[in-house]
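Notes follow once the structure below has been shown.
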Amino acid sequence: MTKPAIGVLGASGAVGRAAVRELRALGHTGLRLGGRTVSTLRAVAEEGPAGHDETVWADADAPDGLRAFTEGCDIVLNCVGPTYRLRATVASAALAAAAHCVDVAGDDPAAEDLRAAGDPARDGRTVVLSAGALPGLSSLLPRWLAGQGLDGTSALTAHCGGLETCSPTVAHDLMLSLTSGGADGAAYGEALAAVRGGRRVPRALRTAEDTEHRSFPGRVALQPYLSQESERLATVLGLDRLDWYNVHPGPAVRALLNQLPGRLAAGDDPAELAGRLILAADLDLAGRKPWYVMDFELSGTASGRPATAGLSLRAASSYRLTAAVGALAVDAVLRAGVPAGVHFACDVLDPEAVVRHLREGNVADLRPTGAAAGADRVEEGVL
């Protein structure tokens with residue numbers, strides 16, 4: 001029996017290359033690797049033990065090349081961006097080729113475009129968006145945490161950030177997210193906002209420019225930011241309060257991020273600012289090992305009494321985290337574990353399976369605390 005053809009677009013990039021390794025670890029071979037640098041694609045293909053991967057030049061901005069890449073695929077994993085410029089470009093090409101699609105990014109604008117064009121479920125096709133670290137894992141981990149020793153949830157505090165290189169895609173998406181990326185043309189989220197009484201409240205929190213946090217080494221800046229994904233998470237978990245902080249440990253990146261809104265408003269070139277952000281990240285990382293942390297503390301009740309459950313994740317790279325979630329989403333779709341239609345990864349992936357993969361694949365170190373620590377030990381004993 002012929003195995004499903006999986007196309008990985010952007011296989012020569014940081015996320016795509018890691019996603020190829022994750023797919024191979026899940027048992028998928030004979031991949032189609034697409035990107036704009038053929039020599040790098042060949043190097044990625046040669047890493048495969050079977051040597052059966054196909055390399056194809058492909059560019060998301062070139063319709064003919066994108067059409068040729070998606071033709072014959074059963075599913076396409078998109079690892080290219082910028083997300084808020086491409087929107088549903090890759091997913092639409094995959095659907096036109098009668099293929100499913102998983103996008104490691106692709107937020108509300110992509111979902112809106114796809115649904116406006118007609119529900120893919122009518123043709124039995126599936127699109128999974130936001131199958132990355134943030135968004136994606138940022139909502140999956142709190143959902144897993146809610147099932148670890150708590151019988152009710154009321155408040156969540158999250159801190160996410162790290163010290164690592166900044167890819168061009170991430171840099172350009174950051175610029176675009178300040179004015180787009182959310183539903184109905186809104187921004188992806190709102191700085192300083194938080195959830196209070198189950199609703200978004202503007203300017204509920206303040207930035208801490210130079211502080212400490214138990215899960216992050218050294219001095220860091222804490223930037224409150226409420227995304228639409230986080231708002232949906234608050235609704236799903238029935239939270240009264242949600243405080244979300246993006247953590248910036250590098251001084252060069254922190255200084256530039258503080259200037260970005262004003263510079264963009266003044267008409268500075270976003271491409272030039274993105275280049276400066278990439279350089280700032282390199283400067284902060286110079287001579288140091290990269291790392292990425294996601295820390296969650298969930299408050300609620302256990303056996304009718306107030307309780308907390310915490311989880312701290314530490315990884316060498318957010319890019320590998322994104323690759324792992326994307327590969328798991330591809331695997332789930334191919335195993336018919338996701339219904340037809342357009343979905344966000346956090347709504348259709350099994351949080352327990354994701355956590356198990358992160359642990360067993362040595363993708364990240366996960367340390368539960370509070371009620372979650374006891375529940376996790378019991379679960380490991382059962383397994």
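Report yes if ASP74 is more than 16 Å from VAL128 (Cβ to Cβ) and out of contact with any Ser or Thr (no Cβ under 6 Å at 6 or more places or on another chain), otherwise no. Against the criterion (more than 16 Å from VAL128 (Cβ to Cβ) and out of contact with any Ser or Thr (no Cβ under 6 Å at 6 or more places or on another chain)), ASP74 does not qualify. Listed by position, the helices (runs of 4 or more DSSP H) inside the stretch 67-127 whose residues that are within 23 Å of ASP184 (Cβ to Cβ) and among the hydroxyl-bearing types (Ser, Thr, Tyr) number at least 1 are 83-86, 89-96. Filtering GLY310, GLY218, GLY304 for residues that are touching a residue at least 60 places away in the same chain (Cβ under 8 Å), on the phi > 0 side of the Ramachandran plot and either in contact with a strand residue (DSSP E or B) (Cβ under 9 Å, 6 or more places away or on another chain) or buried (at least 16 other Cβ atoms within 10 Å of the Cβ) (or both) leaves a single hit, GLY304. Of the helices (runs of 4 or more DSSP H) lying entirely inside the stretch 296-383, those carrying at least 1 residues that are more than 19 Å from ASP74 (Cα to Cα) and in contact with a Ser or Thr (Cβ under 7 Å, 6 or more places away or on another chain) are 345-348, 371-382.
All told, ALA45 falls short of being of a type in the set (A, V, I, L, M, F, W, C), in a loop (DSSP other than H, G, I, E, B), in contact (Cβ under 8 Å) with a residue 12 or more places away in the chain and surrounded by 15 or more Cβ atoms within 10 Å (Cβ to Cβ). Please work out which residue is least open to solvent (accessible area, probe 1.4 Å), limiting yourself to the stretch 54-102 and to residues that are among the charged types (D, E, K, R) and free of Cβ contacts under 8 Å to residues at least 60 places away in the same chain. It comes out as ASP59.
Set side by side, the residues ALA315, ALA340, ALA280 differ, and just one is at pLDDT 95 or above and within 18 Å of PRO351 (Cα to Cα), which is ALA315.
Tell me, yes or no, whether the stretch 343-357 has at least one residue that is modelled with pLDDT of 95 or more and of a type in the set (Gly, Ala, Ser).
Kept after step one, since they are modelled with pLDDT of 95 or more, are these residues of the stretch 343-357: 343-357.
Still in the list and also of a type in the set (Gly, Ala, Ser): 345, 353.
The answer is yes; a qualifying residue exists.
For GLN259, the criteria (1) within 21 Å of ARG203 (Cα to Cα); (2) open to solvent by 60 Å² or more (accessible area, probe 1.4 Å); (3) of a type in the set (S, T, N, Q); (4) touching a residue at least 24 places away in the same chain (Cβ under 8 Å) hold in every case but one, which is (4). Number of residues in the stretch 207-232 that are more than 19 Å from ARG288 (Cβ to Cβ) and either aromatic (Phe, Trp, Tyr) or in contact with a Leu (Cβ under 7 Å, 6 or more places away or on another chain) (or both): the value is 6.
Considering only residues that are part of a loop (DSSP other than H, G, I, E, B) and over 19 Å from LEU137 (Cβ atoms), which ones fall in the stretch 193-244?
Hits for the stretch 193-244 are ALA193, GLY197, GLY198, PRO202, ARG203, ALA204, LEU205, ARG206, THR207, ARG214, GLY238, ASP240.
Here LEU31, LEU129 are screened, and the one residue that is open to solvent by less than 40 Å² (accessible area, probe 1.4 Å) and over 23 Å from ASP173 (Cα atoms) is LEU31.
The values are calculated or read from the model by the stated rules, or taken from the named source; none is laboratory data. None of the values given here were measured: they were computed from a predicted structure. Reconstructed Cβ throughout: ideal geometry from the backbone, glycine too, with neighbour counts over all protein chains shown. The accessibility values were calculated without ligands, DNA or RNA, using every heavy atom of the protein model including side chains. Shrake-Rupley method; radii C 1.70, N 1.55, O 1.52, S 1.80 Å.
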